[in-house]
Every structure is written in C-alpha cells, then in structure tokens.
Amino acid sequence: MFVALCSCGTSTPKEEQAVVEDSLVWYPGRTFDYRIKFNDLQAKQHAVASQIGLQRPPQDRADAARMRSQLVEIKTNENYIVDSLTHSVPYLIPSAKKELDAIGAEWADILSRNGLPHYRFYVTSVLRTQEDVKYLQRSGNINSTTQSCHCYGTTFDLAYMRYDKVTHTHMYMHEDNLKLVLGQVLLNHQRAGKIYVKYEWKQSCFHITVRN
C-alpha cells in the first residue's frame, strides 16, 4: 500500500491530507522480452550518432557551452523529469529533443486512454563531455567509452524502474507495469524507424539514440 499527499479544503495555509493508494491498476498490454526487442548495439547507435549529431564530442562543460547554438535544452515537464545529472548536461540536438517529447506525449496518451493515473518517467543521462566519460570510467562504469553516443547530443537514457506519480488518486501502478507502458512506446518508435534502443539491465535504463 502506498500513501500520497494531496491538498484538500480551502483553509489557508492549505492542509495536506494523506490519500491511501489502495487500488492497484494495470496497463493491459502484452509483455515482451526487452533484451531481444531492444538490442541495438553500440556500433549501430554510434554510427548514426556521429553522422547526424555534433561534429565532434565536446571536451568539457565549457566546450559544450560553446556548442549551444547546435543544441536544445531539455527541462522537466508534465511527462518526464530530468534527473539530477552529475555526469551529463541537459542538452540534445533538436531532433532528439523532439523525439523525447514525442515519447513523452505518447506515454501520457496511453495512460489517459486506459484510464490510468498519470506518471512521469525519468531522463537519467543526456549529453556527455569527454571529461564526463573519463570520470565515469574512473568510477568503474563498464558502459562508458570515449566513443559514447551520448557525446553527440543524439542520445538519452530513460530509467525503467523509477516513476513519479502526478495524479492524486487511490489508484496506483506497479513499476514493472509502468515499464511495460514505456517499453511499448519505445517499441512503436523503434518499429517506425525513429530510434535505436538498447536495454541496459545493469543500469536499469533504456539507452536511446535518435535516427534522424
């Protein structure tokens, strides 16, 4: 059982009253094997990232700032949260930002059409500098590489086991089922040729590169 807080009544200041989340609801989508469906490897993703992304990876944060004319900032909104980014900066090339927003919009639409409470997913990694990559390598991250797709502004990671509930209702969803919703959206976009996706089970994220 989960407990959420909502503002009720008209008193000033507003009194917060607990809402007991005692009604588990489910998205009725068909499950699938994430490892099999989302297996677009690094070489494939890097090839398109280096072709359509930044002409060269930024060396550090100052260098990334000088490339701002080629990038668009991503911010927390009604469909996703930009996590506290310690090893990347919240910028993407315009087409990648557009794709991220499209994923968020379809995610929200699926929840709404199925009468489910609204949640936000987390964006956990975006544009990395070479300095960020070296720091990750020193920290033991086995997936960090100087040839990272994240260095071109084309790539972002979405956590699949953390979500933020927005609507204050008795209904709640299990993280595994929310993962299925997000996975279905990504599968739709992958099949449409819009993105490459790698299922990163150790990092608990979907690693996504825009294709155009």
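Every number in this text was worked out from the coordinates using simple rules, so none of it is lab data. The structure presented is a predicted model; accordingly, all values stated were derived computationally and were not measured. Here the Cβ is made from the backbone with ideal geometry for all residues, glycine too, and neighbour counts use every protein chain on show.
Worth a mention:
- Electrostatic bookkeeping for Gln51 treats Lys and Arg as +1 and Asp and Glu as -1; over the other residues with beta carbon under 12 Å from its beta carbon, the sum is +2.
- For the set Lys165/Lys202; Lys134/Lys202; Lys44/Lys179; Lys134/Lys179; Lys44/Lys165; Lys37/Lys134, the pairs lying more than 27 angstrom apart at their alpha carbons are Lys134/Lys179; Lys44/Lys165; Lys37/Lys134.
- Compactness of region 38-122, taken as the C-alpha radius of gyration over 2.2 N^0.38 Å, stands at 1.29.
- Over the chain, the Kirkwood radius and the radius of gyration, each from Cα atoms, give a ratio Rg/Rh of 1.02.
- Using equal-weight Cα scatterers in the Debye expression, the normalised intensity of region 80-126 in log10 at q = 0.16, 0.19, 0.29 Å⁻¹ is -0.51, -0.66, -1.06.
- Taking a straight line from the alpha carbon of Lys98, these lysines sit under 16 Å away, with near neighbours fewer than eight places off in the same chain left out: Lys75, Lys194.
- Shown for Glu78, Glu99: other C-beta atoms within 10 Å of each C-beta, ranked fewest to most, produce the order Glu78, Glu99.
- Summed over qualifying helices (DSSP H, 4 residues or more, each -39500 (n - 2.57)) and divided by its residue number, the chain shows a 222 nm mean residue ellipticity of -9500 deg cm²/dmol.
- Phi angles of region 44-55 translate, via the Karplus equation with coefficients 6.51, -1.76, 1.60 and θ = phi - 60°, into HN-Hα couplings of 5, 5, 5, 4, 6, 4, 6, 7, 9, x, 4, 5 Hz per residue; Gly and Pro are given as x.
- Between amide H atoms placed 1.01 Å from N, distances below 5 Å from Thr167 occur with His118, all of them 5 or more places distant or on a separate chain.
- Rounded FRET efficiency, nearest 0.05, which uses the C-beta distance separating Met171 from Ala102 and R0 of 25 Å: 0.45
- Cα-based helix-to-principal-axis angle, 175-191 vs the chain, degrees rounded to 10: 50
- Normalised by 2.2 N^0.38 Å, where N is the number of residues, the C-alpha radius of gyration of region 159-212 stands at 1.29.
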